[in-house]
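S.K.: For reference, the structure I am asking about is given below.
The values are calculated or read from the model by the stated rules, or taken from the named source; none is laboratory data. Note that the coordinates shown come from a computational prediction; the quantities given were computed from them, not determined experimentally. Neighbour counts are summed over all protein chains in view; Cβ atoms, including those assigned to glycine, are modelled from backbone coordinates with ideal geometry. Each accessible area value is taken on the protein alone, full model and side chains, heavy atoms only, with ligands, DNA and RNA left out. Shrake-Rupley method; radii C 1.70, N 1.55, O 1.52, S 1.80 Å.
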Amino acid sequence: MTTSRGEGPYTQAQVDPLVGLRGPDDPFWDVYLTGTVFLDIIFTGLDSAPVRGTESWARGMGSSPGGVANMATALARLGLKTILAAAFGDDHYGEYCWDALEQGEHIDLSTSRTVPGWHSPVTVSMAYEGERTMVSHGHEPPPDEPAPDCPPRARAAVASLTPGTRAPWIAEAARKGARIFADVGWDDTGRWDLAALPDLAHCEAFLPNAEEAMRYTGTSCPRAAARALTEHVPLAVVTLGAEGAYAVDARTGETAEVPAIEVEALDPTGAGDVFVAGFVTGTLAGWPLADRLAFGGLTAALSVQEFGGSLSAPGWSEIAAWWRRVQSYDDQDPAALGRYAFLEHLLPKTTRAWPLRRAVPTIGFRRSA
């Protein structure tokens, strides 16, 4: 048995990237998501990995909703109307995550549910030397909690594919006209067989990292892997880590490659989700392929300079602050600056201080009346 928590108000973001593209017959929702919400507790400022039998002190600590909440928050902060179907525990952690997403980020949770007697999954993430180590605990939610077989009509949906598993909601969302963007996790079976990803047939874009792309295609070069993936999906985007990203659009024959922005990473948690959110935003807005890659890379670069997977996701104010900041340096490469000039007409005139520390150090346990 489940209890509904009600629908929260939707507040328009500071910038609507789809302004001028919305028609009366279009779906109200821009992006639909479903998945597991974790409570993330993040320790940063560790000099090294924890050593067995010793105590390590971190210089920073934050907490935030994680898991699918990383993607949902990143999309909402970029101005996309986002609806999430997820199961929430009926404990303090679940209450905190629900309130943070619904009240703080204005993500619609009307398709989400609180599951009595089920506790929230928790991940502790330790960031050091630009990498992270995670320890997670949780139990599987009851079957069909929530049941995403009938997703609402939306412009797009983001799916995380699981080898050997078919998610019926993906085909249904595609049938209703949603453009499906998919990523994939590590294949623990070691098969790396694209045939084991049946839902790829419903996807418009597939966004693996370089190692995943090469293993799935049996190639030794991520760019060759991207080209090979277009035999299975119209648009292949391969993230190259510090080298940026490369994409091939099979429908137009267009290719694009954009280098990464060099930053000092505080916490890489959720950076991949933020990249996908930026790319989805640019795609729905109809931007050129290279601009979409650049925007995804920029938003991911801004996110790793803060801690907390969801709370580090930048909004338009942070993007605007970055743009004005980098233009203030006299030694900037004009060509590099020109790569992001397409943002100028989108950015708000007022900004908050940058960088902005947003992850809160403690969790509030106040229950709603």
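S.K.: Once the Cα gyration tensor of segment 197-345 is found, what semi-axes does its equivalent ellipsoid get, as square roots of 5 times the eigenvalues, in whole Å, sorted largest first?
M.R.: The answer is 27, 17, 14 Å, longest axis first.
S.K.: Taking all protein chains as present, what is the carbon and sulfur share of the accessible area of the chain, in % to the nearest whole number, probe 1.4 Å?
M.R.: Reported share for carbon and sulfur atoms: 52 percent.
S.K.: Show the residues, 5+ positions off or on another chain, whose built amide H is closer than 5 Å to the amide H of residue 176.
M.R.: Those qualifying (amide H under 5 Å, at least 5 residues apart or on another chain) number zero.
S.K.: Next question. Hey, got the Cα dimensions of segment 34-177 along the principal axes, in Å, largest first?
M.R.: Extents along the principal axes: 53, 35, 34 Å.
S.K.: Which of the helices in the chain, when you take each full DSSP H run, stretch at least 15 Å along the axis at their Cα atoms and have an average Kyte-Doolittle score of 0.5 or higher?
M.R.: 271-284, 289-303
S.K.: In nm², what is the average projected area of the convex hull enclosing the Cα atoms of the chain?
M.R.: It is 19.7 nm².
S.K.: Tell me the per residue accessible area of segment 233-318 using a 1.4 Å probe; a whole number in Å² is fine.
M.R.: 28
S.K.: Just for the chain, what percent of DSSP beta bridges are antiparallel, to the closest 5?
M.R.: If I count the DSSP bridges inside the chain, around 50 percent turn out antiparallel.
S.K.: Might you tell me the accessible area per residue for segment 22-68, computed with a 1.4 Å probe and given in Å²?
M.R.: Ligands and nucleic acids excluded, the result is 52 Å² per residue.
S.K.: In nm, what is the difference between 0.36 nm times the number of residues separating residue 262 and residue 129 and their Cα-Cα distance?
M.R.: The residue 262-residue 129 span can extend by a further 46.4 nm.
S.K.: If the chain between residue 204 and residue 21 were fully stretched, how many nm would it gain, using 0.36 nm times the residue separation less the Cα-Cα distance?
M.R.: Contour length minus the Cα-Cα distance gives 63.9 nm.
S.K.: Next up: Dipole magnitude of the chain about its Cα centre, charges +1 at Lys/Arg Cβ and -1 at Asp/Glu Cβ only, in debye to the nearest 20?
M.R.: 600
S.K.: Taking the DSSP beta bridges in segment 102-222 as the whole, what percent of them are antiparallel, to the nearest 5?
M.R.: So the antiparallel bridges in segment 102-222 amount to around 45 percent.
S.K.: In addition: Which percentage, to the nearest 5, of the DSSP beta bridges contained in segment 200-251 is antiparallel?
M.R.: Approximately 60 percent, going by the DSSP bridge assignments.
S.K.: May I pose another question? Roughly how many Å² of residue 275 are accessible to a 1.4 Å probe, to the nearest 10?
M.R.: 20
S.K.: Among 139, 106, 345, what's the order by accessible area (1.4 angstrom probe), most exposed first?
M.R.: 345, 139, 106
S.K.: Rg to Rh for segment 256-306: what is it, with Cα atoms only and Rh by Kirkwood?
M.R.: Expressed as Rg/Rh, it is 0.99.
S.K.: What does the accessible area per residue of segment 140-224 come to in Å², with a 1.4 Å probe and no ligands, DNA or RNA counted?
M.R.: 47
S.K.: Taking H placed 1.01 Å from N in the peptide plane, check which residues at least 5 places from residue 46 or on another chain put their amide H under 5 Å from its amide H.
M.R.: Correct list: 59, 127.
S.K.: Tell me, what is the 1.4 Å probe accessible area of residue 261, in Å² to the nearest 10?
M.R.: 40
S.K.: Return the calculated 222 nm mean residue ellipticity for the chain, to the nearest 500 deg cm²/dmol, obtained by summing -39500 (n - 2.57) across DSSP H runs with n ≥ 4 and dividing by the residue count.
M.R.: -7000 deg cm²/dmol
S.K.: Rounded to the nearest 10 Å², what accessible area does residue 329 have for a 1.4 Å probe in the complete protein model?
M.R.: Residue 329 exposes around 110 Å² with every protein chain in place.
S.K.: Can you list residues from other chains, or at least 5 along the same chain, whose modelled amide H is less than 5 Å from the amide H of residue 38?
M.R.: Amide H to amide H, under 5 Å and 5 or more residues apart or across chains, residue 38 pairs with 66, 67, 68, 69.
S.K.: Provide 194, 109 ordered by accessible surface of protein heavy atoms (probe 1.4 Å), highest first.
M.R.: From most exposed to least exposed: 194, 109.
S.K.: Quick check: net charge around residue 333, other residues with Cβ under 13 Å of its Cβ, Lys/Arg +1 and Asp/Glu -1?
M.R.: Charge balance in the 13 Å sphere: -2.
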